[in-house]
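Visitor: Can you keep this structure in mind? I'll have questions shortly.
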Amino acid sequence: MSASRPGPADGPGHSTARDENDLVAGFMAGDEDCLAAVYHRWGTLVHGIARNSLGDACEADDVTQQVFIGAWRGRSGFCPGRGTLAGWLVGITRRKVADALAARARRAALVDAGGSELAAGTGAASPLDDVLDQVIVEHELSLLPEPQRQVLRLAFYGDLTQPQIAVLTGWPLGTVKSHARRGLLRLRHAFEEAGEAGTLARLHS
């Protein structure tokens, strides 16, 4: 997402109900401009819920991205007659937070198991390898400047194209391409230094 959090300018009372109905209609029709507008209107709400629940700003950033990617891809499942778009987004946020907490627990357990295996000196290939590779990637991503990290997370885990990332973040396409290129170069350099040259390739395999 954009490095700047959505501001309160679009909060309750700023727009008419008709404006919101038009926004929802455009979002459901697949208008990418409406996707950006929906994010800027409700991104702060989603991020606040995620951060309060997870206690971690970086994880909250990830969940916020996942919520709006999931909402965009699953927009046909939203029924205006059953509630507001904001309420629907909050529901998605709760589910993504639960997924993030479960993933956090799984990562901790797998890293512990991997450490025990290394301590035992087996040296054999393990089903944990792919997951540990992803833990390494997550760590290296967390060390990148925020714009580079955002672009690569949206590309790796959101499976978004660079033009779609530009729409979602509000950045020019050239800026997105620059962040992606610099971020990939830094990741590649970090993996080469750590002797993990194959990790990034395995992430995409």
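The values are calculated or read from the model by the stated rules, or taken from the named source; none is laboratory data. Source: prediction; values computed, not measured. FYI the Cβ positions are ideal-geometry reconstructions off the backbone, even for glycines, and counts take in every protein chain you see. For accessibility, only protein heavy atoms count, side chains too; no ligands or nucleic acids. Shrake-Rupley method; radii C 1.70, N 1.55, O 1.52, S 1.80 Å.
Visitor: Among the numbered conditions (1) of a type in the set (D, E, K, R); (2) modelled with pLDDT of 90 or more; (3) over 24 Å from GLY70 (Cα atoms), tell me where ARG186 comes up short.
Guide: (2)
Visitor: What are the residues in region 150-191 that are free of Cβ contacts under 8 Å to residues at least 40 places away in the same chain and within 13 Å of the chain's Cα centre (by Cα), if any?
Guide: Answer for region 150-191, where residues must be free of Cβ contacts under 8 Å to residues at least 40 places away in the same chain and within 13 Å of the chain's Cα centre (by Cα): VAL151, LEU152, ALA155, ASP159, ILE165.
Visitor: With the checklist (1) at pLDDT 90 or above; (2) of a type in the set (Ser, Thr, Tyr); (3) out of contact with any helix residue (DSSP H, G or I) (no Cβ under 6 Å at 6 or more places or on another chain) in hand, flag the one item SER4 doesn't pass.
Guide: Failing condition for SER4: (1).
Visitor: If I go through region 78-113 residue by residue, how many of them are at pLDDT 90 or above, in a helix (DSSP H, G or I), of a type in the set (A, V, I, L, M, F, W, C) and open to solvent by less than 40 Å² (accessible area, probe 1.4 Å)?
Guide: The qualifying residues number 6.
Visitor: With the requirement that a residue be closer than 23 Å to ALA71 by Cβ, among the hydrophobic types (A, V, I, L, M, F, W, C) and open to solvent by less than 20 Å² (accessible area, probe 1.4 Å), what does region 142-181 give you?
Guide: Restricting attention to region 142-181, the residues satisfying the condition of being closer than 23 Å to ALA71 by Cβ are 146-147, 149-171, 173, 176.
Filter again for among the hydrophobic types (A, V, I, L, M, F, W, C), leaving 151-152, 154-156, 160, 165-168, 171, 173, 176.
If the condition is that a residue be closer than 23 Å to ALA71 by Cβ, among the hydrophobic types (A, V, I, L, M, F, W, C) and open to solvent by less than 20 Å² (accessible area, probe 1.4 Å), then VAL151, LEU152, LEU154, ILE165, ALA166, LEU168, VAL176 are the ones that fit.
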